[in-house]
Every structure is written in structure tokens, then in C-alpha cells.
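In what follows, a single structure is set out as C-alpha cells and then discussed.
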Amino acid sequence: MKRKVLKVIDGETVFPPPIWMMRQAGRHLPEYRATRKNAGGFLDLCYSPDFAVEVTLQPIRRYGFDAAILFSDILVVPHVLGRDLRFEEGRGPLMTPITTQEINDLEINGAALKLEAVYETVRRLRKELPEETTLLGFCGAPWTVATYMIAGHGTPDQAPARLFAYQHPEAFEKLLMDLAEVSAEYLIRQYEAGADALQIFDSWSGVLDEDCFERFCIKPVRYIVDKVRAVHPEARIIGFPKGAGTLYTDYREKTGVNMLGLDWSVPYSFAKTLQKQGAVQGNLDPLRLVAGGKALDEGVDRILDNLGQGPLVFNLGHGITPQAPIDHVHQMINRIRSRG
Ligand code: 1CP
């Protein structure tokens, strides 16, 4: 049996389209908040296969999505590279900003092996998930992960990382390629543990000029894709270069990802052009899910009307927000599935 999301990634049209939501396992679910309390800290959730399996399965049980995404975070990679990482309730991730000297001293050998708990989670998930549910592994793209390592926290436009890259080009390039190396090994191990496909989250690619987009986003992601495919030529990879605008076309062509995750600012006319070159995933504005009602129905219908006749995985254009009501998620799913 070939799972629906995998059919779409391979270029087939499946209608109604398979559905999952970025950040589906997380704070909009009361059962997630309860498990998080029991686990202690957020990293305890990520590194405990018992807890991580449980929270990965929660949205599948509740909504019957077509794909589950491994519960972890993109910042476990810098964490196993020795960077301190804290998650404070309501504040997001916090790290000590990395210096050029610390970049030069980074030791990448063996780092991916330290994420054995994640691979164990993937192995257990593949056994526990329904047969028809696709299991997605993931990592952050080097640029996006680097922005947090340099600023030490989330920022609206990643000014600290952009400035660092201009001022310390050599150290910055080393950081990106070190992250690419470890991330590739991390993805290979997730794949070997049973992930059906792999998503690379390039959430901050939209703040770069064209030249930096090429060097910081495309180049290291191309490196990861090549490295994974050198071992597993058939591996299916989803790229999500949020905010890439017209550079979405280059991103697929030059990195070699199989499917493109589209953010909600991508116009339908352009999305259709991208879909002629391969599968697309997206792209509902997450705030339509918060609003519900007509705003939600119209958003869903427009995506189905414009992209439903080609290879599409229905998703949000970015992660679900904690305040999105569960009823609205059901409304979205019912609307999509009733179009069959
Ligand atoms: O269902 C899922 O998607 C759960 C697994 C998952 C994934 C794929 C989590 C759990 N995080 C991520 C990816 C991730 N983490 C990204 C890429 C996707 C995106 O753009 O949303 C990014 C940028 C991060 C970094 C991060 N981790 C942030 C954003 C910080 C910022 O201000 O820019 C936050 C808030 C976290 C913590 C986190 N990660 C995941 C959850 C559920 C949470 C909330 C932690 C909590 O319980 O308090």
C-alpha cells in the first residue's frame, strides 16, 4: 500500500487531498499541554520516546490526519553541538549567542549519534501509527537554525544573523556547512528508523536578499539533499522556504527537493505554475483557522479550487497558532473531505 502523501509527493493527484498541519502536535491541544506538564521541561518531551510518541499520536487520534510529524524541535541539532538551550514557558527558545571563536571550535563528529532518543521515537511511531498514515521526519534548514544560534532567541527579521553573516562571512559559512553536515546525518538516521519522508523547515528564508538566499538557503539545503540521496536515492524530501516569493522556483530546481511547502502569501497563479513542476503543500493562512466561519471556508475552497486538480497536500501556510479552536480544525477537515 502506498500512503497518500507519498503518492502526492511522487506527482499523483489525490482528491480530496491528504491533510496534515504544521505544528499539529502542540499547544492548541489540551492533551499536549497536560503531557508537557508531566514531562517536566520541553526538552524532556523531545528526548523521551514515551512522551514524544504520545504527543506525536495525539493529533492523529483526534483528527485522523494523513501524516504525523515526529515530535521534536529544530533546535535539538545545536543542542547536541553543545549549545545551551532553554525553553521558557511563553518565551520560546533561548540560547547563548554563539561567537566566531566558538564556531571555529564546533565539533560535529558524532553529534547526530547523540539524538538516538529521536530515532527510537521514530521506530516506535512507525509501529504504532495506522498503516495508512505517513510519518514525517524533519530538521531545520541550516540558515533558520543559525539565526537562533546567533541571536539567542527568535527575532522578527533575523537582523542579528544577517549582520553577522556580512561581518564574519567565513565563520558564518563554516557554521552553515557544519549544520548541513549534522542535519544530513540526522535526516538519514530518521529515514533509516522508519520516517517515510523528510521535511526541511527553512522558516526564515524570506528575510534574505537574492544573493544571500542562494548562498545561505539553497547551497546548504542542496548539500543536505545530495547527502541524503547519496545513501538513499529514493528518499522523498519536502522543502519549506517560507517567504521565498518568486525564488520558490529556484529553490526546487536547485536544491532538488521533491515537494514545496508554500506559505500563504504565495498567489494561486504562481502556486499553479509551481505545481506544474511538482507537488506542492499548503497554504492556508493559520489565522483563518483562528477566525473560523466564512473566512475559513473561503480559504479552504480557494485552495481546493486552484490547486485541487494537481498534486497537493493540504496544509497551513505556517504552523497552527496555540489559540486556534479545535472545532475550527474539524470544520476545515470536514470541508476538505466533503469535497470528495
Ligand atoms: O507538530 C509539530 O510540528 C511538532 C514538532 C515541532 C516542529 C516541526 C516543534 C515543536 N517545533 C518544530 C519546528 C520548529 N521549531 C520551527 C520550524 C517551524 C516553524 O517555523 O514553525 C522553528 C522555527 C522552531 C523554533 C521554535 N521552537 C519556536 C519558534 C521561536 C520563535 O520565536 O521564532 C518555538 C516557540 C519552539 C518551541 C516549540 N517547538 C515545538 C513546540 C510544540 C514548541 C512550543 C513549546 C512549548 O510547549 O511551550
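The values are calculated or read from the model by the stated rules, or taken from the named source; none is laboratory data. This structure is a prediction, so every number in the text was calculated from the model and none was measured. In this analysis, Cβ positions are derived from the backbone assuming ideal geometry, glycine residues included, and neighbour counts consider all displayed protein chains. The protein model used for the area step is the full one, side chains on, heavy atoms only, and it has no ligands, DNA or RNA in it. Shrake-Rupley method; radii C 1.70, N 1.55, O 1.52, S 1.80 Å.
Data overview
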item	result
Cleavage-rule hits, GluC sites (Glu not before Pro), the range 43-96, DSSP coil, Cβ neighbours within 10 Å at most 13	89
Within the chain, helix-based [θ] at 222 nm, where runs of 4 or more DSSP H residues each add -39,500 (n - 2.57), nearest 500	-14500 deg cm²/dmol
Sequence-separation-based contact order of the range 4-337, relative, with Cα cut under 8 Å and 6+ spacing, percent	21
Distant alpha-carbon pairs in the chain (separation over 31 angstrom), percent	28
Ranked by how many other beta carbons lie within 10 Å on average, peptides 237-245, 143-151 from highest	143-151, 237-245
Flagged links, alpha-carbon separation over 27 Å, of 2/276; 37/227; 7/174; 219/242; 127/254; 174/276	37/227; 7/174; 127/254; 174/276
Furthest towards positive pole of dipole, 231, 310, 183, structure part the chain, Cβ charges	310
Derived scalar couplings ³J(HN,Hα) [the range 67-72; Karplus, 6.51 cos²θ - 1.76 cosθ + 1.60; whole Hz; x for Gly, Pro]	9, 10, 10, 2, 7, 6
Unit charges at the beta carbon, dipole of the chain: most positive-side option, 81, 32, 205	32
Residues of the chain: accessible area per residue with a 1.4 Å probe, Å²	40
By average C-beta atoms within 10 angstrom, highest first, the peptides 30-37, 42-49, 174-181	174-181, 42-49, 30-37
DSSP-assigned coil residues among GluC sites (Glu not before Pro) in the range 209-288, each with at most 13 further Cβ atoms within 10 Å	234
Percent carbon-and-sulfur accessible area, the chain, ignoring ligands, DNA and RNA, probe 1.4 Å	49
Hz values of 3J(HN,Hα) by residue in the range 52-59 - Karplus curve (6.51, -1.76, 1.60), Gly and Pro given as x	5, 5, 4, 6, 5, 6, 3, x
For the range 4-337, with +1 on Lys and Arg beta carbons and -1 on Asp and Glu, the positive-most of 258, 330, 149 along the dipole	330
